[in-house]
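K.L.:
Please read through the structure below; I'll follow up with questions.
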Amino acid sequence: DFNSLQLQYQRRLSRGLQAVASYTFAKSIDTASSESAPLVSISRIDPLQDRGPSDFDLRHVFSGAISYTIPKHELGRFADAILNDWAIDSIVKANSAAPVNITSGVALFGLQSIARPDLISGVPVYLDDKTVPGGRRINRSAFIAVPLVSGALTRQGSLGRNSLRGLPLFETDLTLRRQFKLAERFKLQFRTDFFNIFNHPNFGSVCSNLSTCGTQFGIPTKMFGR
């Protein structure tokens with residue numbers, strides 16, 4: 001199930017400026033977001049218990065682009081040769097955090113012993129920690145693994161699927177360019193590109209398995225680009 005509000009603003013080229021901005025407020029819900037999602041026997045666990053935010057559910061998504069040709073000014077022959085014919089382009093991307101699905105157990109020889117844990121009431125789910133990426137981690141002490149009987153699952157934990165969130169993304173790219181007219185049909189463009197010009201760290205997926213993550217549980221282990 002996918003529902004969304006989608007907005008877009010466009011400014012056509014006028015006085016050297018053109019821009020476009022898009023925003024989506026959305027919610028996507030499913031019981032499995034990929035064909036490789038682990039399945040458990042229906043006789044033991046109702047698959048509807050997996051109904052929750054999709055793996056790719058992003059509540060807020062914004063993107064914007066702007067291009068501006070700096071107006072020419074008559075400042076003298078020498079100054080005009082240096083300062084005229086410049087333009088600036090910029091792209092801004094931002095979105096809220098992606099879901100994190102907390103699990104426990106391992107998959108061994110094709111047999112699944114993976115389930116979501118029980119949520120311990122009254123224990124904070126997130127902890128502020130300046131020593132980890134993003135300054136926040138998921139609290140391992142807020143969960144307890146469900147018991148297994150002869151290595152098999154008997155029930156799903158009380159924690160909902162994809163009920164927690166990682167870290168948001170924000171990036172600004174900038175281009176500075178100048179065009180030189182060599183002849184009537186030939187032009188040369190000089191440009192320099194700055195990706196993530198503000199050097200804002202964007203962290204990717206969060207290690208979310210209670211059994212295998214060890215000390216890295218609840219924190220991002222990769223950058224978003226990887």
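The values are calculated or read from the model by the stated rules, or taken from the named source; none is laboratory data. Because the structure is predicted, anything quoted here is derived from the model rather than measured. So basically every Cβ, Gly included, is an ideal-geometry build from the backbone, and we count neighbours across all protein chains shown. The protein model used for the area step is the full one, side chains on, heavy atoms only, and it has no ligands, DNA or RNA in it. Shrake-Rupley method; radii C 1.70, N 1.55, O 1.52, S 1.80 Å.
K.L.:
Report the calculated FRET efficiency for Y68 and D46 (r = Cβ-Cβ distance, R0 = 41 Å), to the nearest 0.05.
P.N.:
Efficiency, from the Cβ-Cβ distance: 0.15.
K.L.:
Something else now. Using the alpha carbon gyration tensor of segment 162-226, what are the three equivalent-ellipsoid semi-axes (square root of 5 times each eigenvalue), largest first, in whole Å?
P.N.:
Sorted largest first and rounded, they come to 45, 10, 9 Å.
K.L.:
Shifting gears a bit: Treat each spin label as a single point 7 Å out from the Cα along the C-beta direction, and report the R226 to R191 distance in nm.
P.N.:
About 2.8 nm, to one decimal.
K.L.:
On to the next question. With the other protein chains left in place, how much accessible area per residue, in square angstrom, belongs to segment 78-226 at a 1.4 angstrom probe?
P.N.:
Spelled out: the 1.4 Å probe surface of segment 78-226, per residue, equals 60 Å².
K.L.:
Say each of D128 and S163 gets a label point 7 Å from the Cα, pointing the same way as Cα to Cβ; how far apart are those two points in nm?
P.N.:
2.5
K.L.:
Still on this structure, I have one more. Given the Cα-Cα distance of F56 and R15 and 0.36 nm per residue of separation, how much length would full extension add, in nm? Mind showing how you got there, number by number?
P.N.:
Details: separation 41, 0.36 × 41 = 14.76 nm, distance 3.94 nm.
That works out to 10.8 nm of additional length.
K.L.:
Evaluate E = 1/(1 + (r/R0)^6) for S150 and I120, where r is the Cβ-Cβ distance and R0 equals 25 Å; express this FRET efficiency to the nearest 0.05. Spell out each step's value before the answer.
P.N.:
Working: r = 26 Å, r/R0 = 1.02.
Between S150 and I120 the formula returns 0.45.
K.L.:
For the chain, list log₁₀ I(q)/I(0) at each q in 0.08, 0.10, 0.11 Å⁻¹, using the Debye formula over Cα point scatterers of equal strength and ignoring solvent, two decimals each.
P.N.:
Scattering profile of the chain, log10 relative to I(0): -0.47, -0.64, -0.72.
K.L.:
Counting only protein heavy atoms and a 1.4 Å probe, tell me what percentage of segment 109-206's accessible area is made up of carbon and sulfur. Present the calculation step by step, with values, prior to reporting the outcome.
P.N.:
Working: 3720 of 6300 Å².
Summing carbon and sulfur atoms, their accessible area is 59 percent of the total for segment 109-206.
K.L.:
Mean residue ellipticity at 222 nm from the helices of the chain, using -39,500 (n - 2.57) per DSSP H segment of n ≥ 4 over the full residue count, to the nearest 500 deg cm²/dmol?
P.N.:
Taking each H run of at least 4 residues, the total per residue is -1000 deg cm²/dmol.
K.L.:
Continuing with the same structure: Taking the chain as a Gaussian network, where each spring joins two C-alpha atoms under 10 Å apart, which residue of S34, S96, S205 fluctuates the most?
P.N.:
The residue with the greatest mean-square fluctuation here is S34.
K.L.:
Further question on the same structure: In what order, largest first, do I66, I102, I114 sit by accessible area if the probe radius is 1.4 Å? Provide the component values of the computation, followed by the final result.
P.N.:
Values: I66 75, I102 0, I114 45 Å².
In descending accessible area the options line up as I66, I114, I102.
K.L.:
Separate question: Over the heavy atoms of F25, what accessible area does a 1.4 Å probe trace out, to the nearest 10 Å²?
P.N.:
Accessible area of F25: about 90 Å².
K.L.:
Quick check: with the 1.4 Å probe, what order do R155, R136 take by accessible area, largest first?
P.N.:
In descending accessible area the options line up as R155, R136.
K.L.:
Right, here's the next one. Defining a contact as two alpha carbons under 8 Å apart and six or more residues distant in sequence, what relative contact order in percent does the chain show?
P.N.:
It rounds to 18 percent for the chain.
K.L.:
Go through R185, R137 and list them by solvent-accessible area, largest first, probe radius 1.4 Å.
P.N.:
Order by accessible area, largest first: R185, R137.
K.L.:
Now, a different point. What FRET efficiency comes out for N199 versus Q8 if R0 is 30 angstrom and r is the Cβ-Cβ distance? Round to the nearest 0.05.
P.N.:
Approximately 0.55, to the nearest 0.05.
K.L.:
Continuing with this model, one more query. Nothing charged except the Cβ atoms of Lys and Arg (+1) and of Asp and Glu (-1): what's the magnitude of the dipole of segment 93-200 about its Cα centre? Round to the nearest 20 debye. Walk me through the intermediate numbers first.
P.N.:
On the way: 15 positive and 7 negative charges, 98 e Å.
Using only the charged Cβ atoms, the result is roughly 460 debye.
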